[in-house]
Structures are given as structure tokens and as C-alpha cells.
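The values are calculated or read from the model by the stated rules, or taken from the named source; none is laboratory data. Predicted model only: the values in this text are computed from it and were never measured. Every residue, glycine among them, receives a Cβ derived from its backbone with ideal geometry; neighbour counts consider all protein chains shown.
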Amino acid sequence: MKRLEHTFVLLNGWALILMLSGMAIIVGANISLRYVTSHSLPWADEAARYLMIWLTFTGAGLILRIGGHVAITNLQDSLPETGQKILRAAIVLTLLAFFCFMVQVGVQYAQRMQYQVTPALRLPFSYVYAAMPVGFSLLIIHLLLIAPRFILAGRYKPLDTDASDGGTLPGGANG
């Protein structure tokens, strides 16, 4: 199971690296062309914007794994240990329900936008809106993978772990 989780995290990380690299190449090429030839790529800003949307949704799960999202812990800290576990379990269940709801909403949005196309790239907007159900589906998987440790110990997956607890992420960071 750890190997499967490691592969999942690794693939998610590499997808983010590829999207960010693509965005940087597109924007960099557009800037260079603008200064060298006085012409720019008409689709560059649109492509970079849609890659940023995909980066945001698909990267949220990796941030969830390490506890990188905003959290207010005053209530949790004031409860006894058993109360903390119950509260964390309720938080996980609430997040799971919200993420499932957002997958459903995202699928509906993507379906509604299938006939409308983007101005420059002429892609169906459903490809852009698909980032929402894909990203929330990834959030569900990441949440389920970290839930036991979070509920029982109140901890997330540490960013720096040894190879037995998840291995390395793309780019040399551990996870």
C-alpha cells in the first residue's frame, strides 16, 4: 500500500511540475517573441491561465497532505485528547462530504460547458472545467490516505520523511 501511495504522490507531483514548466515555457516564449518580433502568441495568456487553474485544483491534494491549507486550531487545542480525535474525525467527514459534493458540481459544470469553446485555443470549456472534478477527486484520495494519521495523532504527512514513510517527491523534496 505504501508503494502505491508513493507512486500516486509521485505522479501527482510530476503532473504539477509538467504543468508549471509548460506554463513557464509558454509565458517565456510569448515575452521573448513580443520583444524580438513585436508579435505575441494570441493563445499564450489563455493557455497559461488554464494551466494555472489545473495547477490549483490538482495541487491542492498535495498541500492537504502536509497541512498546508489554512487551519484554526483553537477549539481543537482546548479539548481533551479524546475530544480532539472526535473533532478531527468530524472534520475529515465534513471535508469528505464537501469534496464529494464538489466533484458532482464540477462534473455538472463541465457538462454544461461542453459546447462552448475558449476564444483563442478553441478548446471546449469542459476541458477547463474538468479541473474541478479531477482536483476534488484527488483531494478525496489524498484525504483518505492521510485521515487515519490525522485523526489519531493530529499530524499530517511530514514533508521530510525517510524512504520507509513515502520516499521522495519530484525535485528532491521528500513526502
Restricting attention to the stretch 122-131, the residues that are surrounded by fewer than 19 Cβ atoms within 10 Å (Cβ to Cβ) and assigned to a helix (DSSP H, G or I) number exactly 3
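Suppose we keep only residues that are among the small types (Gly, Ala, Ser), assigned to a helix (DSSP H, G or I) and in contact (Cβ under 8 Å) with a residue 40 or more places away in the chain within the stretch 39-77. Which one would you say is nearest to Tyr156 (Cα to Cα)?
My answer is Gly61.
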Checking Val134, Val92, Val107 in turn, the sole residue that is part of a helix (DSSP H, G or I), in contact (Cβ under 8 Å) with a residue 60 or more places away in the chain and of a type in the set (Val, Ile, Thr) turns out to be Val134
Going through the stretch 3-18 in order, the residues found to be over 15 Å from the mean Cα position of the chain (by Cα) and surrounded by 11 or more Cβ atoms within 10 Å (Cβ to Cβ) are Glu5, His6, Thr7
In the set Val92, Val103, Val70, the lone residue that is modelled with pLDDT under 95 and of a type in the set (Val, Ile, Thr) is Val70
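Considering every residue within the stretch 43-51, establish whether at least one is more than 22 Å from Leu138 (Cβ to Cβ), surrounded by fewer than 14 Cβ atoms within 10 Å (Cβ to Cβ), among the hydrophobic types (A, V, I, L, M, F, W, C) and modelled with pLDDT of 95 or more.
No, the stretch 43-51 contains no residue that is more than 22 Å from Leu138 (Cβ to Cβ), surrounded by fewer than 14 Cβ atoms within 10 Å (Cβ to Cβ), among the hydrophobic types (A, V, I, L, M, F, W, C) and modelled with pLDDT of 95 or more.
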